[in-house]
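Before any comments, here is the structure.
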Amino acid sequence: MVLINPNTSTATTAMMTSLARRALGPARPVRGVTVRRGPAMLTDPAALRAAAPEVLAAGLRAAAGGDCAGLLVAAFGDPGLDLLRAAAPVPVVGIGEAALLEAAAHGTPFGIATTTPLLADAITERVTALGLAGRYTGLRLTTGSPERLSADPVLLLDRLERAVRACAERDGARAVVIGGGPLGEAAERLRPHTPVRLVAPIPAACRAITKMPPRP
């Protein structure tokens with residue numbers, strides 16, 4: 001498997017690749033790839049749009065190597081996912097799509113907790129496009145800028161936990177998606193301390209891709 005990080009932070013690539021390796025186990029090796037150009041964080045719709053062609057290029061390079069069994073697009077907004085699915089010779093999964101579908105399975109009411117307020121409308125549009133609006137209880141945002149929170153893991157955990165609890169206690173969610181690949185470590189640490197099922201995007205995408213048949 002090849003995990004594509006649509007932002008240019010190699011540290012984030014390493015962290016997300018480690019999460020994918022834990023989820024998939026040693027029988028399915030994972031290699032992390034960082035896009036060549038773009039911002040260090042995807043925090044607004046313009047950044048998502050700019051990331052799409054970079055994801056496509058990185059995915060096609062990885063698939064051309066001959067040792068790639070599948071591609072994981074590792075940003076919650078799934079930039080370039082449809083383009084890559086249409087062009088790549090291997091299965092392609094977006095971590096956002098996989099997490100939303102898993103959270104909503106069996107009619108479960110689900111919410112989203114995330115750190116990127118400028119992407120709120122895009123996230124809601126994605127939920128609707130996937131046909132999940134009837135199960136969606138809403139989005140809860142952390143307070144503080146995404147950049148500040150990413151630099152302070154303790155503060156990030158506190159703010160994310162508050163957002164998750166608001167999804168559960170105020171909105172009635174029974175599952176909460178942590179909206180961001182770079183939030184994967186925080187999601188794992190939060191899991192024992194929250195009142196509802198947490199869905200972390202990278203493990204969800206790993207589960208999804210193992211169920212997909214090889215491309216003909």
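The values are calculated or read from the model by the stated rules, or taken from the named source; none is laboratory data. For clarity, every value in this text was computed on a predicted model and none was experimentally measured. Cβ placement follows ideal geometry from the backbone for every residue including glycine, while neighbour counts extend to all protein chains displayed. Surface accessibility is based on the protein's heavy atoms, side chains included, excluding ligands, DNA and RNA. Shrake-Rupley method; radii C 1.70, N 1.55, O 1.52, S 1.80 Å.
Some notes on this structure:
- Filtered residues of region 81-118 (kept if of a type in the set (A, V, I, L, M) and in contact with a Gly (Cβ under 6 Å, 6 or more places away or on another chain)): LEU81, LEU84, ALA88, VAL90, ILE95, ILE112
- Of the candidates LEU139, LEU130, the single residue that is over 21 Å from GLU188 (Cα atoms) and either in contact with a Gly (Cβ under 9 Å, 6 or more places away or on another chain) or open to solvent by 10 Å² or more (accessible area, probe 1.4 Å) (or both) is LEU130.
- Those residues of region 164-174 which are buried (at least 24 other Cβ atoms within 10 Å of the Cβ) and touching a residue at least 60 places away in the same chain (Cβ under 8 Å), in sequence order: ALA173
- Matching residues, region 16-51, being touching a residue at least 60 places away in the same chain (Cβ under 8 Å), among the hydrophobic types (A, V, I, L, M, F, W, C) and either more than 21 Å from GLU185 (Cβ to Cβ) or open to solvent by 30 Å² or more (accessible area, probe 1.4 Å) (or both): ALA23, MET41, LEU48
- Within region 66-102, the set of residues being surrounded by fewer than 24 Cβ atoms within 10 Å (Cβ to Cβ), assigned to a loop (DSSP other than H, G, I, E, B) and without any contact (Cβ under 8 Å) to a residue 60 or more places away in the chain comprises GLY66, ASP67.
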